[in-house]
1. Taking into account only those residues within the range 115-162 that are more than 16 Å from ALA214 (Cβ to Cβ) and acidic (Asp, Glu), which is modelled with the highest pLDDT?
2. Of the residues GLY340, GLY365, which single one is of a type outside the set (Val, Ile, Thr) and part of a loop (DSSP other than H, G, I, E, B)?
3. What are the pairs with Cβ atoms under 9 angstrom where one residue, in the range 1-23, is under 26 Å from ARG356 (Cα atoms) and the other, located anywhere, is assigned to a loop (DSSP other than H, G, I, E, B) and among the hydrophobic types (A, V, I, L, M, F, W, C)? Sequence gap at least six, or different chains.
4. Condition test on GLU361, is it crowded, with 16+ Cβ neighbours inside 10 Å and either more than 22 Å from ARG134 (Cα to Cα) or of a type in the set (Asp, Glu) (or both)?
5. Going through ILE117, ILE176, ILE166, ILE154 one at a time, which residue ends up being open to solvent by less than 30 Å² (accessible area, probe 1.4 Å), over 18 Å from the mean Cα position of the chain (by Cα) and more than 17 Å from ASN241 (Cα to Cα)?
6. Any residue that is open to solvent by less than 60 Å² (accessible area, probe 1.4 Å), over 21 Å from PRO224 (Cα atoms) and more than 19 Å from the chain's Cα centre (by Cα) - is there at least one of those in the range 278-297?
7. State all residues of the range 172-196 that are touching a residue at least 12 places away in the same chain (Cβ under 8 Å) and among the charged types (D, E, K, R); if no residue qualifies, say none.
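The values are calculated or read from the model by the stated rules, or taken from the named source; none is laboratory data. From a predicted model like this one, the values you see are computed outputs, not experimental measurements. With ideal geometry, Cβ positions are generated from the backbone for all residues, glycine too; neighbour counts draw on all protein chains shown. Quick note on the areas: whole protein, heavy atoms, side chains included, nothing else; ligands and nucleic acids left out. Shrake-Rupley method; radii C 1.70, N 1.55, O 1.52, S 1.80 Å.
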Amino acid sequence: MSYNSFGHLFRVTTWGESHGPALGATVDGCPPGVALTEADIQPWLDKRKPGQNRFTTQRREEDAVEILSGVYEGLTTGTPIQLMIRNTDQRSKDYGEIARTFRPGHADITYWQKYGIRDPRGGGRSSARETAARVAAAGVARQVLAALVPDLTITGYMVQMGPRAIDRARFDWEQIGQNPFWSPDAATAELWAGDLDALRKDGNSVGAVVEVVARGVPAGLGAPIYAKLDSELAAAMMTINAVKGVEIGAGMGAAALTGVENADEIFIGNDGAPIYSSNHAGGILGGISTGQDVVVRFAVKPTSSILTPRQSVTIDGQPIEVVTKGRHDPCVGIRAVPVGEAMMACVLLDQLLLHRAQIGEGPRGRIG
(Lines give C-alpha, C1' and ligand atoms only; values in the text may rest on other atoms or scores of the structure.)
Protein backbone atom coordinates (compact mmCIF):
# COMPACT_ATOMS: atom_id res chain seq x y z
CA MET A 1 0.00 0.00 0.00
CA SER A 2 1.19 3.51 -0.76
CA TYR A 3 -1.01 5.27 1.83
CA ASN A 4 -2.43 8.22 -0.06
CA SER A 5 -5.44 8.48 2.28
CA PHE A 6 -5.99 9.84 5.77
CA GLY A 7 -8.91 10.10 8.18
CA HIS A 8 -11.37 7.59 9.66
CA LEU A 9 -14.96 8.67 8.94
CA PHE A 10 -14.07 11.83 7.03
CA ARG A 11 -11.56 10.27 4.67
CA VAL A 12 -9.41 12.10 2.13
CA THR A 13 -7.42 10.52 -0.70
CA THR A 14 -5.14 12.83 -2.68
CA TRP A 15 -3.79 12.12 -6.16
CA GLY A 16 -1.63 13.71 -8.83
CA GLU A 17 1.88 15.04 -9.31
CA SER A 18 3.51 18.46 -9.38
CA HIS A 19 3.90 18.54 -13.17
CA GLY A 20 1.09 16.22 -14.23
CA PRO A 21 -2.02 17.52 -15.97
CA ALA A 22 -3.95 17.85 -12.70
CA LEU A 23 -4.08 16.90 -9.05
CA GLY A 24 -6.92 16.59 -6.60
CA ALA A 25 -8.67 14.77 -3.79
CA THR A 26 -11.47 12.31 -3.27
CA VAL A 27 -13.42 13.13 -0.11
CA ASP A 28 -15.49 10.31 1.34
CA GLY A 29 -17.66 10.43 4.45
CA CYS A 30 -19.00 13.95 4.03
CA PRO A 31 -22.52 14.14 5.51
CA PRO A 32 -25.34 14.82 3.04
CA GLY A 33 -27.24 18.08 2.80
CA VAL A 34 -24.32 20.45 3.44
CA ALA A 35 -24.22 23.53 1.22
CA LEU A 36 -21.13 23.31 -0.99
CA THR A 37 -19.97 25.02 -4.17
CA GLU A 38 -16.59 25.66 -5.73
CA ALA A 39 -16.84 29.24 -4.43
CA ASP A 40 -16.85 27.88 -0.87
CA ILE A 41 -13.54 26.08 -1.43
CA GLN A 42 -11.70 28.57 -3.63
CA PRO A 43 -10.81 31.20 -0.97
CA TRP A 44 -8.77 28.64 0.96
CA LEU A 45 -6.88 27.63 -2.19
CA ASP A 46 -6.28 31.29 -3.00
CA LYS A 47 -4.61 31.64 0.38
CA ARG A 48 -2.17 28.83 -0.45
CA LYS A 49 -1.55 29.35 -4.16
CA PRO A 50 1.94 30.28 -5.39
CA GLY A 51 3.18 33.53 -6.89
CA GLN A 52 1.34 35.94 -4.59
CA ASN A 53 4.41 37.93 -3.50
CA ARG A 54 8.18 38.03 -3.86
CA PHE A 55 8.69 35.77 -0.86
CA THR A 56 7.14 32.67 -2.46
CA THR A 57 7.73 30.63 -5.62
CA GLN A 58 6.94 32.55 -8.82
CA ARG A 59 5.17 29.57 -10.38
CA ARG A 60 1.79 30.92 -11.52
CA GLU A 61 -1.14 28.63 -10.82
CA GLU A 62 -4.72 29.79 -10.45
CA ASP A 63 -5.50 26.63 -8.45
CA ALA A 64 -9.10 26.75 -9.63
CA VAL A 65 -11.00 23.86 -8.06
CA GLU A 66 -13.60 21.81 -9.92
CA ILE A 67 -16.20 19.63 -8.16
CA LEU A 68 -16.77 16.55 -10.30
CA SER A 69 -19.08 14.50 -8.07
CA GLY A 70 -20.84 14.29 -4.74
CA VAL A 71 -22.80 17.54 -5.00
CA TYR A 72 -26.26 18.09 -6.49
CA GLU A 73 -27.97 21.48 -6.72
CA GLY A 74 -25.49 22.98 -4.29
CA LEU A 75 -25.81 20.32 -1.58
CA THR A 76 -23.59 17.36 -0.73
CA THR A 77 -25.23 14.01 -1.43
CA GLY A 78 -23.28 11.83 0.99
CA THR A 79 -21.42 10.16 -1.87
CA PRO A 80 -17.69 10.66 -2.64
CA ILE A 81 -16.77 14.21 -3.59
CA GLN A 82 -14.19 14.40 -6.35
CA LEU A 83 -12.13 17.60 -6.47
CA MET A 84 -9.76 18.48 -9.29
CA ILE A 85 -7.18 21.27 -9.72
CA ARG A 86 -5.53 21.57 -13.13
CA ASN A 87 -1.81 22.34 -13.40
CA THR A 88 -1.27 25.16 -15.90
CA ASP A 89 2.27 26.51 -15.34
CA GLN A 90 4.63 23.54 -15.37
CA ARG A 91 8.23 24.02 -16.48
CA SER A 92 9.41 20.44 -16.62
CA LYS A 93 12.52 21.46 -18.57
CA ASP A 94 13.86 23.02 -15.36
CA TYR A 95 14.29 19.48 -14.05
CA GLY A 96 15.88 17.84 -17.11
CA GLU A 97 19.40 18.05 -15.68
CA ILE A 98 18.48 16.29 -12.43
CA ALA A 99 16.58 13.32 -13.84
CA ARG A 100 19.52 11.06 -12.93
CA THR A 101 20.74 13.06 -9.94
CA PHE A 102 19.67 12.95 -6.31
CA ARG A 103 19.12 16.44 -4.91
CA PRO A 104 20.37 16.76 -1.31
CA GLY A 105 17.55 17.22 1.17
CA HIS A 106 14.92 15.92 -1.26
CA ALA A 107 13.06 12.63 -1.42
CA ASP A 108 14.68 11.79 -4.77
CA ILE A 109 17.03 9.20 -3.31
CA THR A 110 14.48 7.50 -1.03
CA TYR A 111 11.84 7.30 -3.78
CA TRP A 112 14.45 5.66 -6.02
CA GLN A 113 15.54 3.27 -3.28
CA LYS A 114 11.92 2.28 -2.58
CA TYR A 115 10.29 2.20 -6.03
CA GLY A 116 13.16 2.03 -8.52
CA ILE A 117 11.41 4.75 -10.53
CA ARG A 118 10.56 8.40 -9.87
CA ASP A 119 9.06 11.44 -11.51
CA PRO A 120 11.83 14.06 -11.36
CA ARG A 121 9.62 16.91 -12.59
CA GLY A 122 9.24 19.16 -9.57
CA GLY A 123 9.53 16.20 -7.23
CA GLY A 124 6.46 14.46 -8.62
CA ARG A 125 4.34 13.09 -5.80
CA SER A 126 6.74 14.32 -3.11
CA SER A 127 6.26 17.94 -4.14
CA ALA A 128 4.54 20.38 -1.80
CA ARG A 129 2.20 21.02 -4.74
CA GLU A 130 0.27 17.98 -3.45
CA THR A 131 -0.89 20.07 -0.50
CA ALA A 132 -3.24 22.04 -2.77
CA ALA A 133 -5.43 18.93 -2.84
CA ARG A 134 -5.51 18.82 0.98
CA VAL A 135 -6.51 22.48 1.18
CA ALA A 136 -9.34 21.80 -1.27
CA ALA A 137 -10.52 18.82 0.79
CA ALA A 138 -10.36 20.95 3.92
CA GLY A 139 -12.65 23.46 2.21
CA VAL A 140 -15.26 20.71 2.33
CA ALA A 141 -14.44 19.99 5.98
CA ARG A 142 -14.82 23.67 6.87
CA GLN A 143 -18.30 23.77 5.34
CA VAL A 144 -19.38 20.80 7.46
CA LEU A 145 -17.77 22.24 10.60
CA ALA A 146 -19.53 25.57 9.99
CA ALA A 147 -22.85 23.70 9.90
CA LEU A 148 -22.19 21.53 12.96
CA VAL A 149 -20.08 23.86 15.14
CA PRO A 150 -20.74 27.42 13.94
CA ASP A 151 -18.50 29.08 16.54
CA LEU A 152 -15.40 27.04 15.66
CA THR A 153 -12.57 29.00 13.98
CA ILE A 154 -9.16 27.81 12.76
CA THR A 155 -6.30 30.28 12.37
CA GLY A 156 -2.69 29.62 11.41
CA TYR A 157 0.28 32.01 11.50
CA MET A 158 4.06 31.98 11.49
CA VAL A 159 5.74 32.48 14.87
CA GLN A 160 9.36 32.01 13.83
CA MET A 161 11.50 32.23 10.71
CA GLY A 162 15.06 31.03 11.10
CA PRO A 163 16.34 32.15 14.52
CA ARG A 164 14.00 35.16 14.70
CA ALA A 165 10.72 34.59 16.61
CA ILE A 166 7.75 36.91 17.12
CA ASP A 167 7.34 38.96 20.28
CA ARG A 168 4.16 37.54 21.82
CA ALA A 169 3.68 40.78 23.74
CA ARG A 170 2.85 42.32 20.33
CA PHE A 171 0.51 39.48 19.26
CA ASP A 172 -2.38 40.90 17.23
CA TRP A 173 -4.93 38.59 15.58
CA GLU A 174 -5.88 41.37 13.15
CA GLN A 175 -2.33 41.53 11.76
CA ILE A 176 -2.25 37.93 10.56
CA GLY A 177 -3.82 38.60 7.18
CA GLN A 178 -2.10 41.96 6.71
CA ASN A 179 1.42 40.78 5.80
CA PRO A 180 2.90 38.12 3.48
CA PHE A 181 4.14 36.01 6.41
CA TRP A 182 0.78 35.53 8.16
CA SER A 183 2.47 37.02 11.21
CA PRO A 184 0.55 38.29 14.28
CA ASP A 185 3.52 40.59 14.99
CA ALA A 186 3.83 43.30 12.33
CA ALA A 187 7.25 44.49 13.53
CA THR A 188 8.78 41.02 13.25
CA ALA A 189 7.21 40.55 9.81
CA GLU A 190 9.16 43.58 8.59
CA LEU A 191 12.39 42.09 9.91
CA TRP A 192 11.59 38.75 8.25
CA ALA A 193 11.21 40.55 4.93
CA GLY A 194 14.77 41.84 5.17
CA ASP A 195 16.07 38.46 6.31
CA LEU A 196 14.44 36.65 3.41
CA ASP A 197 15.58 39.17 0.79
CA ALA A 198 19.17 38.62 1.92
CA LEU A 199 18.82 34.85 1.83
CA ARG A 200 17.32 34.91 -1.67
CA LYS A 201 20.26 36.98 -2.96
CA ASP A 202 22.63 34.41 -1.45
CA GLY A 203 20.80 31.52 -3.16
CA ASN A 204 19.82 30.18 0.23
CA SER A 205 16.63 29.32 2.17
CA VAL A 206 15.38 29.19 5.74
CA GLY A 207 13.05 27.19 7.98
CA ALA A 208 10.09 28.34 10.05
CA VAL A 209 7.68 27.50 12.85
CA VAL A 210 3.93 27.66 12.20
CA GLU A 211 1.26 27.73 14.91
CA VAL A 212 -2.36 26.73 14.29
CA VAL A 213 -5.10 27.51 16.82
CA ALA A 214 -8.64 26.16 16.77
CA ARG A 215 -11.03 28.18 18.92
CA GLY A 216 -14.51 27.02 19.88
CA VAL A 217 -13.64 23.31 19.81
CA PRO A 218 -16.25 21.32 21.78
CA ALA A 219 -15.10 19.36 24.81
CA GLY A 220 -14.99 15.60 24.37
CA LEU A 221 -13.36 15.12 20.96
CA GLY A 222 -10.73 12.39 20.76
CA ALA A 223 -10.18 9.04 22.44
CA PRO A 224 -8.03 7.97 25.40
CA ILE A 225 -5.48 5.75 23.67
CA TYR A 226 -5.06 5.11 19.94
CA ALA A 227 -7.11 7.94 18.46
CA LYS A 228 -6.04 10.73 20.79
CA LEU A 229 -6.87 14.13 19.40
CA ASP A 230 -3.27 15.23 19.91
CA SER A 231 -1.78 12.11 18.30
CA GLU A 232 -4.11 12.48 15.31
CA LEU A 233 -3.15 16.14 14.94
CA ALA A 234 0.56 15.40 15.33
CA ALA A 235 0.39 12.68 12.68
CA ALA A 236 -1.55 14.95 10.32
CA MET A 237 0.91 17.83 10.67
CA MET A 238 3.88 15.50 10.18
CA THR A 239 2.51 14.49 6.77
CA ILE A 240 2.96 18.06 5.51
CA ASN A 241 6.01 18.35 3.26
CA ALA A 242 9.20 19.49 5.05
CA VAL A 243 7.72 19.27 8.56
CA LYS A 244 10.25 17.83 11.01
CA GLY A 245 8.67 18.46 14.41
CA VAL A 246 5.26 18.98 16.05
CA GLU A 247 4.26 20.36 19.44
CA ILE A 248 0.91 20.46 21.23
CA GLY A 249 0.38 23.25 23.75
CA ALA A 250 3.59 23.92 25.68
CA GLY A 251 5.17 21.05 23.75
CA MET A 252 8.88 20.60 24.32
CA GLY A 253 8.77 23.59 26.63
CA ALA A 254 6.77 21.55 29.15
CA ALA A 255 9.96 19.65 29.97
CA ALA A 256 11.38 22.82 31.52
CA LEU A 257 8.34 23.43 33.76
CA THR A 258 7.57 22.17 37.22
CA GLY A 259 4.32 20.38 37.98
CA VAL A 260 3.04 23.49 39.73
CA GLU A 261 3.75 25.63 36.67
CA ASN A 262 2.44 23.14 34.13
CA ALA A 263 -0.90 22.23 35.77
CA ASP A 264 -3.76 24.18 34.21
CA GLU A 265 -5.93 24.94 37.27
CA ILE A 266 -9.68 24.48 36.86
CA PHE A 267 -12.47 26.75 38.12
CA ILE A 268 -16.19 27.11 37.48
CA GLY A 269 -17.24 30.18 35.55
CA ASN A 270 -20.35 32.26 36.01
CA ASP A 271 -22.13 30.18 33.38
CA GLY A 272 -21.34 26.95 35.22
CA ALA A 273 -18.79 25.83 32.63
CA PRO A 274 -15.19 25.00 33.59
CA ILE A 275 -12.52 27.62 32.97
CA TYR A 276 -8.77 27.16 33.17
CA SER A 277 -6.01 29.32 34.56
CA SER A 278 -3.72 28.54 31.60
CA ASN A 279 -3.45 26.27 28.57
CA HIS A 280 -0.15 24.42 28.72
CA ALA A 281 -2.02 21.30 27.59
CA GLY A 282 -2.97 22.93 24.30
CA GLY A 283 -6.66 22.22 24.81
CA ILE A 284 -6.22 18.45 25.10
CA LEU A 285 -6.04 16.24 28.21
CA GLY A 286 -5.74 12.46 28.00
CA GLY A 287 -6.24 12.65 24.26
CA ILE A 288 -9.61 14.42 24.63
CA SER A 289 -10.42 18.09 23.98
CA THR A 290 -11.13 20.25 27.04
CA GLY A 291 -13.09 23.00 25.29
CA GLN A 292 -10.09 25.34 25.41
CA ASP A 293 -8.22 26.50 22.32
CA VAL A 294 -6.47 23.61 20.59
CA VAL A 295 -2.90 24.78 19.91
CA VAL A 296 -0.49 23.02 17.55
CA ARG A 297 2.94 24.12 16.32
CA PHE A 298 5.10 22.54 13.67
CA ALA A 299 8.64 23.17 12.47
CA VAL A 300 9.35 23.34 8.73
CA LYS A 301 12.89 22.71 7.51
CA PRO A 302 14.61 25.09 5.04
CA THR A 303 13.65 24.57 1.40
CA SER A 304 16.08 22.04 -0.07
CA SER A 305 15.90 23.54 -3.59
CA ILE A 306 18.62 26.19 -3.46
CA LEU A 307 21.05 27.79 -5.92
CA THR A 308 24.03 27.23 -3.65
CA PRO A 309 26.01 24.20 -4.94
CA ARG A 310 25.69 21.03 -2.84
CA GLN A 311 27.46 17.69 -3.19
CA SER A 312 25.53 14.55 -4.12
CA VAL A 313 25.64 11.47 -6.34
CA THR A 314 23.99 10.25 -9.53
CA ILE A 315 21.96 7.09 -10.06
CA ASP A 316 25.23 5.54 -11.31
CA GLY A 317 26.92 6.37 -8.01
CA GLN A 318 29.11 9.13 -9.42
CA PRO A 319 29.81 12.25 -7.36
CA ILE A 320 28.23 15.44 -8.66
CA GLU A 321 27.71 19.05 -7.64
CA VAL A 322 24.04 20.01 -7.63
CA VAL A 323 22.50 23.43 -8.18
CA THR A 324 18.69 23.25 -8.12
CA LYS A 325 17.24 25.64 -10.68
CA GLY A 326 13.60 26.52 -11.11
CA ARG A 327 11.04 28.46 -9.07
CA HIS A 328 11.08 27.63 -5.38
CA ASP A 329 9.94 29.05 -2.06
CA PRO A 330 12.87 30.50 -0.08
CA CYS A 331 10.80 29.80 3.05
CA VAL A 332 8.23 27.06 2.50
CA GLY A 333 6.84 27.80 5.96
CA ILE A 334 4.92 30.77 4.55
CA ARG A 335 2.66 28.65 2.34
CA ALA A 336 2.57 25.90 4.99
CA VAL A 337 0.28 28.11 7.09
CA PRO A 338 -2.95 27.38 5.14
CA VAL A 339 -1.89 23.73 4.84
CA GLY A 340 -1.64 23.46 8.63
CA GLU A 341 -5.09 25.02 8.92
CA ALA A 342 -6.36 22.47 6.39
CA MET A 343 -5.04 19.49 8.33
CA MET A 344 -6.52 20.89 11.56
CA ALA A 345 -9.93 21.22 9.87
CA CYS A 346 -9.88 17.68 8.49
CA VAL A 347 -8.82 16.12 11.79
CA LEU A 348 -11.34 18.07 13.86
CA LEU A 349 -14.22 17.12 11.58
CA ASP A 350 -13.11 13.48 11.52
CA GLN A 351 -12.94 13.43 15.33
CA LEU A 352 -16.29 15.22 15.63
CA LEU A 353 -17.96 12.59 13.43
CA LEU A 354 -16.32 9.78 15.41
CA HIS A 355 -17.51 11.37 18.66
CA ARG A 356 -21.09 11.71 17.43
CA ALA A 357 -21.06 8.11 16.19
CA GLN A 358 -20.06 6.79 19.62
CA ILE A 359 -21.49 9.28 22.10
CA GLY A 360 -24.07 11.40 20.30
CA GLU A 361 -24.11 15.17 20.45
CA GLY A 362 -22.08 16.90 23.17
CA PRO A 363 -20.06 15.50 26.08
CA ARG A 364 -21.77 13.06 28.49
CA GLY A 365 -20.43 14.30 31.81
CA ARG A 366 -21.97 17.38 33.40
CA ILE A 367 -20.21 19.46 36.02
CA GLY A 368 -22.07 20.86 39.01
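1. Among residues in the range 115-162 that are more than 16 Å from ALA214 (Cβ to Cβ) and acidic (Asp, Glu), the one modelled with the highest pLDDT is GLU130.
2. Only one candidate qualifies: GLY365.
3. Pairs that qualify, where the first residue is under 26 Å from ARG356 (Cα atoms) and the partner is assigned to a loop (DSSP other than H, G, I, E, B) and among the hydrophobic types (A, V, I, L, M, F, W, C), are HIS8/ALA227; PHE10/CYS30.
4. no
5. Within the list ILE117, ILE176, ILE166, ILE154, the selection yields ILE166.
6. yes
7. Answer for the range 172-196, where residues must be touching a residue at least 12 places away in the same chain (Cβ under 8 Å) and among the charged types (D, E, K, R): ASP172, ASP185, ASP195.
Results for (1) closer than 30 Å to ILE117 by Cα; (2) at pLDDT 90 or above, shown as yes or no for each residue.
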{"position": "GLY287", "(1), (2)": "no, yes"}
{"position": "SER305", "(1), (2)": "yes, no"}
{"position": "VAL313", "(1), (2)": "yes, yes"}
{"position": "HIS328", "(1), (2)": "yes, no"}
{"position": "VAL339", "(1), (2)": "yes, yes"}
{"position": "GLY360", "(1), (2)": "no, no"}
